[in-house]
1. Quick one: which residues, 5+ away or cross-chain, put their amide H under 5 Å from the amide H of F136? H built at 1.01 Å from N.
2. 5 Å is the cut-off here: which amide hydrogens, built 1.01 Å from N in the peptide plane, fall below it relative to V85, excluding neighbours closer than 5 in sequence?
3. In which sequence would M35, M144 go, from the one with the fewest C-beta neighbours within 10 Å to the one with the most?
4. At a 10 Å Cβ-Cβ cut-off, how would you order D31, D160, D112, fewest neighbours first?
5. Expressed in nm to one decimal, what extension gain is obtained for the pair E172 and E54 from 0.36 nm per residue of sequence separation less their Cα-Cα distance?
6. How do K145, K78 rank when sorted from fewest to most other Cβ atoms within 10 Å of their own Cβ?
7. Per residue of segment 193-204, in order, report the coupling 6.51 cos²θ - 1.76 cosθ + 1.60 (Karplus, θ = phi - 60°) as ³J(HN,Hα) in whole Hz, putting x for Gly and Pro.
8. Kirkwood Rh over alpha-carbon pairs of segment 55-97, then Stokes-Einstein at 37 °C and 0.692 mPa s: what D in µm² s⁻¹, rounded to an integer?
Amino acid sequence: MGAAGVSLVVNHMKHNVATLPIKGKRIIIKDAMIMLYEKAETPEWPHVVVAPGEYVVSVLSGKKGASGVRVCRAGVAKPRKGKEVGRVSVDHAAIAICDYDALLAAAKADLDAYNDWTEDECETAVWEEESGVLMFGGVAIAHMKTGVGDGEFPVMELLDGDKIVGMECCFEDDILPGKNSKRPEISRPDAPPYGQHTFNQNGFCRKCGWERDFLMRVKRENCETK
Ligand SMILES: [Zn+2]
């Protein structure tokens, strides 16, 4: 699939990953492998409401490689950090950034294709590339490895004056480090455990990322984390 409308910037000094055209009003930062919940009008991921335009995704580097990621409106030279907008929980050592409204519309338009794409094209790219840009249904999705596996990372809004122009996520401020850390599990009252999976409030397994309804439909009781 071609990446029309996306300029790929390979620049090792600035570590820019991509410039994303944002047409909707919300940008999200998510686990790269976990699908959007198609009924979630409010994103279950940290997000900021921004003006449409071009937004540059860049990797922030630290002593041990990638230390975080930033998405900021093109042309804003020195954004300042505002308040924390949420925390992104990462189970697959990679995050993705995209136009939420555009991806949600594309996923809703063909949920089966979105399923297949997540398992196939998305999974391959997320595992094989340090960073890059994926396309689904004409929507550009920037992805990159967090470098530290699982964790929960704070996301801060970025401001230019009093306007929100993006957000920044710091991988080094891992709140719950390590695979053995106790992560609070939230379960919907109407979504009790199924097999070995544990579900978040939107009905997605926190370990394998699949939706409960889908897992029950295909009778997949074993949670196979990679
Ligand atoms: Zn599972």
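1. I141
2. HN-HN under 5 Å from V85: V155, M156, E157.
3. Working: M35 21, M144 24.
Going from least to most buried by this count: M35, M144.
4. Fewest to most other Cβ atoms nearby, the residues stand as D112, D160, D31.
5. 39.8 nm is the gain from fully extending E172 to E54.
6. Fewest-to-most ranking of K145, K78: K78, K145.
7. After applying 6.51 cos²θ - 1.76 cosθ + 1.60, I find x, 10, x, 9, 7, 10, 10, 7, 5, 9, x, 9 Hz.
8. 268
Every read-out reported here was derived from the displayed coordinates using simple, explicitly stated rules and does not represent laboratory data. Since we're looking at a predicted model, the values are computed, not measured. Every residue, glycine as well, gets a Cβ built from its backbone with ideal geometry; the counts of neighbours run over all protein chains shown.
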